[in-house]
Amino acid sequence: MPRLHKLSYMFIMLGILMILFPTAREWNEDREQNELLKAAELIPEKSEAIWNPGLINNYDRLSTRFAEIPVSDAQQEAAFPIPEPIETEDQQTPIATIRMSRIDLKLPVLEGATRKNMRHAAVHMPETGALGQMGNAAIAAHRARTHGRLFNRLNEVKIGDEIVVNTRGENYVYKVFNIKVVAPTDVSVLKSFNKQKLLTLITCDPPVKPTHRLIVQAKQST
């Protein structure tokens with residue numbers, strides 16, 4: 001009988017750990033996100049725009065990231081913790097913050113769509129235009145299943161809503177003019193136009209087993 005009691009306690013403890021693990025993981029990601037937001041307040045002075053001709057290849061890589069289950073969501077689907085893939089890229093200093101009042105969003109923005117960066121932040125695709133400058137700057141984030149996390153509520157954005165990007169002490173205000181759902185291979189959403197300062201937000205659609213991309217496009221107010 002004592003042995004049965006010990007086994008019962010052990011199974012109870014395992015059950016409690018399985019319930020608490022996703023919550024603890026999400027808490028840790030929120031803590032890292034807040035640290036990045038603090039770091040974003042100390043962004044150094046402006047740099048030149050970055051352009052990389054490998055845009056299509058890197059957009060394909062972003063689609064691969066969206067096809068993966070975000071770490072927090074994956075833990076909720078598994079009975080035991082899922083080992084994370086080894087990632088060699090170092091997390092970078094935030095280059096900006098992005099805010100949208102309608103969906104109560106404030107996120108740090110990191111450079112490059114790596115798994116590590118996308119775990120708790122939005123990411124700027126360096127192959128697209130520089131934030132706040134001429135061209136079409138793309139920012140992507142996972143549409144986490146937890147309400148309000150990352151781009152989870154991006155589907156609630158409306159035409160005419162404002163998106164505020166703060167980078168290197170300057171606020172750039174964009175107004176939403178286009179919202180659509182496209183195939184993962186549709187690179188036309190990243191097209192630039194002469195003398196326009198555009199911002200394109202990208203996330204997965206639907207949030208569970210995504211097959212498409214939700215796109216929100218905005219133009220900088222003058």
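The values are calculated or read from the model by the stated rules, or taken from the named source; none is laboratory data. Bear in mind the structure is a predicted one, so any value in this text is a computation, not a measurement. Don't worry about glycine lacking a Cβ; one is built from the backbone with ideal geometry, like all the others, and counts go over all protein chains shown.
Being modelled with pLDDT of 95 or more and closer than 15 Å to Q217 by Cβ is a property that does not hold for K191. Summed over region 185-213, residues that are polar (S, T, N, Q) and buried (at least 19 other Cβ atoms within 10 Å of the Cβ) total 2.
For region 73-98, the tally of residues that are buried (at least 16 other Cβ atoms within 10 Å of the Cβ) and either β-branched (V, I, T) or at pLDDT 90 or above (or both) stands at 5.
If you filter region 99-114 down to residues that are at negative phi and assigned to a loop (DSSP other than H, G, I, E, B), you find that the one that is surrounded by the most Cβ atoms within 10 Å (Cβ to Cβ) is A113. Number of residues in region 115-146 that are closer than 15 Å to A218 by Cα, part of a strand (DSSP E or B) and of a type in the set (G, A, S) equals 4. Looking across region 194-222 at every residue that is among the charged types (D, E, K, R) and in a loop (DSSP other than H, G, I, E, B), the one that is modelled with the lowest pLDDT is identified as K195. In the set (1) touching a helix residue (DSSP H, G or I) at 6+ places or on another chain (Cβ under 7 Å); (2) within 20 Å of E111 (Cβ to Cβ); (3) not β-branched (V, I, T), R143 fails one condition alone, (2). Among residues of region 147-182 being charged (D, E, K, R) and not in a strand (DSSP E or B), the one that is surrounded by the fewest Cβ atoms within 10 Å (Cβ to Cβ) is K158. Could you say whether any residue in region 194-204 is of a type in the set (K, R) and within 15 Å of the chain's Cα centre (by Cα)? Scanning region 194-204, I find no residue that is of a type in the set (K, R) and within 15 Å of the chain's Cα centre (by Cα), so the answer is no.
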